[in-house]
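See structure below.
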Amino acid sequence: MAASPHTLSSRLLTGWGGGCIWYLERRVTRESPRRFLHLLRNVNQQWVTFQHFNFLRHMYVTQLNRSLKQQIKPKPEPAESPFLEKTSLDEAKAEICEMRPLVPPSLSLSRKPSEKALIELEPTSVIEGSIDLGKETKEEKQWKEMKLRVDDLPGILARLSKIKLTALVVSTTSAGFALAPAPFDWSCFLLTFVGTGLASCAANSINQFFEVPFDSNMNRTKNRPLVRGQISPLLAVSFATCCAVPGVALLTWGVNPLTGALGLFNIFLYTCCYTPLKRVSIANTWVGAVVGAIPPVMGWTAATGSLDAGACLLGGILYSWQFPHFNALSWGLREDYSRGGYCMMSVTHPALCRRVALRHCLALLAMCVAAPALDVTTWTFPVIALPINLYISYLGFRFYRDADRKSSRKLFFCSLWHLPLLLLLMLTCKRRAGEEGTGAPQS
């Protein structure tokens, strides 16, 4: 069966060869069978030659494209984000093992690796790095239970009870006990010392328990034990209860009921009034000053059993001293208190903060003059205490005028040594029993 001219020409390529063959096909249909066979043989020979030419041209283009592709450095595969969860670490390791190329041991060190080897090694290193990052991130995200060791418990409880603040409370209580016009009883002093310290530890622990959500936002308090999870809230409350109950019991039955009542009232005032008021009103500073003024009064009542003018004078000195001390401290922590959501004078009323600090610096001068008038000290005390009182008043004025961190820092550090030195001078100039007073009759 003869082939159709269209079937035969469809096998040929376009161009001048295709035109000639189309012309020959038309002539074949009009010639004799002998002529047809001759032309068909010529056509087949021409078609084979033209097909061979096209094959050579195709091979040349293929080789040229291959050489161009080898010159182009393939783009490395993007590393997967370490934050995306991987299917399995074992599967990833298996993939690495399959993709890692085998490097022959006979490869010399001086020989530079080929371009193909670098291309094969690059995706492998990227995948290894991404898997390492994913492993580290997975370990960081994994929740780890913090185990409480017995060796760390004393330090954690010391920070929970604010041991430095407790030491200040106990020292002012001891000063009030020593300044009282009564014989020094060591057993009563030790009971007062221990009971006041336990009550202070209980109040500070409950304070930290209530302020955990807010302390985590402040740089100053973010490392507290409850914030970091070093101790459970149940253990903190249990510790506070174990301190409050025996502390109040020692002050009530070991010393006298008045001192025990003052200790219980101070715990309530600090935990239930001052702590929640810090987020409501700037009146928390005045309430906190009352909390700090009660410990020396407790020392006085522990020695005398009564609440008289001398106890009120000691409480007044501690009350006024806390305003330059705390206002100067809070001035440098305004951003921290604002971040924690606390309502402090330094944040909401900065001018009032500076005025109150200066006002109570001057009030310390007046109360030191009132000490000999109330037969607490001799008249030597206001004279020798005048330089340090004038100095803290000067720093209070500088803080009021400049309103900067430098002046507030100077006032704060001055308050740290001013109070112990002032109490030491009061003990030195204490009016002894039997001496005649000029300001008020002795009982």
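Miscellaneous remarks
- The relative contact order of region 308-431 comes to 32 percent, based on Cα pairs under 8 Å that sit 6 or more residues apart.
- Cα-based shape type of region 223-315, given that a ≥ b ≥ c are square roots of the gyration tensor eigenvalues and the cut on a/c is 1.5: oblate
- Over 25 Å (Cα to Cα) - which of Lys162/Lys430; Lys222/Lys278; Lys164/Lys278 fall in this group: Lys162/Lys430
- Here the Karplus curve 6.51 cos²θ - 1.76 cosθ + 1.60, taken at θ = phi - 60°, turns the phi angles of region 330-347 into couplings of 5, 5, x, 10, 4, 5, 5, 5, 5, 5, x, x, 8, 9, 10, 4, 5, 8 Hz, with x standing for Gly and Pro.
- Once backbone amide H atoms are built at 1.01 Å from N, Thr377 has Arg431 as its partners under 5 Å, excluding neighbours fewer than 5 places away on the same chain.
- Phi angles of region 256-272 translate, via the Karplus equation with coefficients 6.51, -1.76, 1.60 and θ = phi - 60°, into HN-Hα couplings of 6, x, 5, 5, x, 5, 5, x, 5, 5, 5, 4, 5, 5, 6, 8, 9 Hz per residue; Gly and Pro are given as x.
- Remark: region 404-414, residue by residue, has Karplus-estimated 3J(HN,Hα) of 10, 5, 5, 5, 5, 5, 5, 5, 5, 5, 5 Hz, where x stands for each Gly or Pro and the curve is 6.51 cos²θ - 1.76 cosθ + 1.60 at θ = phi - 60°.
- Dipole magnitude (debye, nearest 20) for region 149-280, charges at Cβ of Lys, Arg, Asp, Glu: 520
- Relative contact order (percent, whole number), region 149-280, Cα cutoff 8 Å, 6+ residue spacing: 29
- Accessible surface calculations at 1.4 Å, restricted to protein heavy atoms, place region 308-431 at 40 Å² per residue.
- Put simply, when 255-263, 214-222 are sorted by average Cβ atoms within 10 angstrom per residue, most first, you get 255-263, 214-222.
The values are calculated or read from the model by the stated rules, or taken from the named source; none is laboratory data. For clarity, every value in this text was computed on a predicted model and none was experimentally measured. Neighbour counts run over all protein chains shown; Cβ positions are idealised from the backbone, glycine included. With ligands, DNA and RNA removed, areas are computed over all heavy atoms of the protein, side chains included. Shrake-Rupley method; radii C 1.70, N 1.55, O 1.52, S 1.80 Å.
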